[in-house]
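The values are calculated or read from the model by the stated rules, or taken from the named source; none is laboratory data. No experiment lies behind these values; they were computed from the predicted model shown. No Cβ is skipped: glycine too gets one built from the backbone with ideal geometry, and neighbour counts run over all protein chains shown. Protein only, heavy atoms only, side chains kept; ligands, DNA and RNA dropped before computing areas. Shrake-Rupley method; radii C 1.70, N 1.55, O 1.52, S 1.80 Å.
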Amino acid sequence: MDRAYQGDETRQLALALGYEPVVPPLRTRLDPWEYDREMYKRRNEIERLFRRLKGFRRIFSRFEKLDVVFLGFIVFALIIDGLL
């Protein structure tokens with residue numbers, strides 16, 4: 001979840017689906033909520049991982065027809081990313 005989706009309806013939907021939204025409220029919000037600051041800081045790591053995975057052309061353009069082959073290449077790309 002990002003600050004662009006920090007509305008009450010979206011937040012309630014995420015909670016109803018069992019997700020824990022960790023997006024900070026806007027400073028101008030009248031009824032701000034508590035959020036896990038450390039988890040929000042780690043969100044940047046996930047976004048950078050997705051950016052690195054998009055560097056593999058087979059992932060971002062989805063050449064594989066079978067989900068198993070696509071998942072296998074994602075695992076391969078994660079292994080490569082871990083080794084570098």
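Things to note:
- Span per principal axis, largest first, for the Cα atoms of the chain (Å): 47, 28, 19
- Charged-residue dipole, Cβ positions (Lys, Arg, Asp, Glu), the chain about Cα centre, Debye nearest 20: 540
- Take the chain with all the other protein chains still there, run a 1.4 Å probe, and you get 85 Å² of accessible area per residue.
- Surface composition of the chain: carbon plus sulfur atoms hold 59% of the accessible area, using a 1.4 angstrom probe and ignoring ligands, DNA and RNA.
- Measuring between their Cα centroids, segment 7-24 and segment 33-79 lie 22 Å from each other.
- Accessible area (Å², 1.4 Å probe, nearest 10) - ILE74: 40
- Of the DSSP H helices in the chain, those with a Cα length along their own long axis of 18 Å or more and a mean Kyte-Doolittle hydropathy reaching 1.0 comprise 67-83.
- Calculated mean residue ellipticity, 222 nm, the chain: -17500 deg cm²/dmol, from DSSP H runs (n ≥ 4) at -39500 (n - 2.57) each, averaged per residue and rounded to 500.
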